[in-house]
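Visitor: Take this structure, written in structure tokens, and hold onto it; I'll ask about it next.
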Amino acid sequence: MSRVPLVVLVGPMGVGKSTVGQLLAERLGVAYRDTDDDIVAAQGRTIAEIFVDEGEAAFRALEKQAVHTALADHDGVVALGGGAILDADTRALLAGQRVVYLSMDVEEAVKRTGLNAARPLLAVNPRKQWRELMEARRSLYEEVATAVVPTDGRTPEEVTQAALDALELKEA
Ligand code: S3P
């Protein structure tokens, strides 16, 4: 059976998609799913290990599969890995869905992700890499989003409330 997620969360790594996604799912009384977790469970390896072992292109192929499965399978809240929107087929699948883009500025991003070795794309010179990533991706996040929720200086609870308000969704 084909389902449609109630809410899809997109945005850069470290913006709080998992934390906010779980809070949002709780408030809406639905299940939470995270496509990075699906990949790790299916592969029995961490994301960093997949990048090191097989490279980014191989990871993106696994990610595309995981995202397409989750979007067809899950009717709760689903959070996508930060780079999932790089894929044009994935962006097309998101058209017409309820998609929240969690955004943050560069200083907040470096604060939250700078020293996190589990994120291979930011391992060296995080500020510069994050700027470059966002230059390439900002318009793609905006393209798929039905709502943009800034997270700077907000707690996860405040971000969750802002997402509920923006979507005008009723709580469980
Ligand atoms: C990536 C984001 C990560 C993970 C991988 C690549 C990206 O997910 O998929 O490290 O390209 O932005 P999170 O956004 O959940 O950290």
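Visitor: So in segment 12-33, with the set limited to residues that are surrounded by fewer than 20 Cβ atoms within 10 Å (Cβ to Cβ) and of a type in the set (Val, Ile, Thr), which one is nearest to the ligand (Cβ to nearest atom)?
Guide: Taking the candidates together, the pick is 19.
Visitor: Also, I was wondering about something else. So which pairs qualify, if the first residue must be in segment 7-26 and under 11 Å from residue 163 (Cβ atoms) and assigned to a strand (DSSP E or B), the second must be away from the ligand (no atom under 11 Å from the Cβ) and basic (Lys, Arg), the Cβ gap must be under 6 Å, and the two must be at least 6 apart or on different chains?
Guide: Between residues of segment 7-26 that are under 11 Å from residue 163 (Cβ atoms) and assigned to a strand (DSSP E or B) and residues that are away from the ligand (no atom under 11 Å from the Cβ) and basic (Lys, Arg), the close pairs are 7/98.
Visitor: Considering each residue of segment 69-94, count those that are of a type outside the set (A, V, I, L, M) and crowded, with 16+ Cβ neighbours inside 10 Å, and give that number.
Guide: Of the residues in that region, 8 qualify.
Visitor: A follow-up question, please. Restricted to segment 131-151, and to residues that are surrounded by 13 or more Cβ atoms within 10 Å (Cβ to Cβ) and at pLDDT below 95, which residue is farthest from residue 91 (Cα to Cα)?
Guide: 131
Visitor: Checking residue 39 against (1) touching a residue at least 60 places away in the same chain (Cβ under 8 Å); (2) in contact with a helix residue (DSSP H, G or I) (Cβ under 8 Å, 6 or more places away or on another chain); (3) among the aliphatic types (A, V, I, L, M), which single condition isn't satisfied?
Guide: Going through (1) touching a residue at least 60 places away in the same chain (Cβ under 8 Å); (2) in contact with a helix residue (DSSP H, G or I) (Cβ under 8 Å, 6 or more places away or on another chain); (3) among the aliphatic types (A, V, I, L, M) one by one, residue 39 breaks only (1).
Visitor: Answer yes or no as to whether residue 65 is farther than 27 Å from residue 156 by Cα and buried (at least 16 other Cβ atoms within 10 Å of the Cβ).
Guide: It is false that residue 65 is farther than 27 Å from residue 156 by Cα and buried (at least 16 other Cβ atoms within 10 Å of the Cβ).
Visitor: If only one of 88, 79 is touching a helix residue (DSSP H, G or I) at 6+ places or on another chain (Cβ under 7 Å) and modelled with pLDDT of 95 or more, which one is it?
Guide: Going through 88, 79 in turn, the sole match is 79.
Visitor: Is it fair to say residue 44 is more than 11 Å from the ligand (Cβ to nearest atom), at pLDDT 95 or above, over 17 Å from residue 18 (Cα atoms) and small (Gly, Ala, Ser)?
Guide: So residue 44 passes the test.
Visitor: Another question, if that's okay. Could you tell me which of the residues 97, 43 is of a type in the set (S, T, N, Q), surrounded by 14 or more Cβ atoms within 10 Å (Cβ to Cβ) and under 18 Å from residue 166 (Cα atoms)?
Guide: 97
Visitor: Also, quick follow-up: Quick one: in segment 48-67, of everything that is aliphatic (A, V, I, L, M) and modelled with pLDDT of 95 or more, which residue is farthest from residue 89 (Cα to Cα)?
Guide: Ranking the qualifying residues of segment 48-67, first place goes to 50.
The values are calculated or read from the model by the stated rules, or taken from the named source; none is laboratory data. Computed from a predicted structure; not experimentally measured. Cβ: placed from backbone, ideal geometry, glycine included. Neighbour counts: every protein chain shown.
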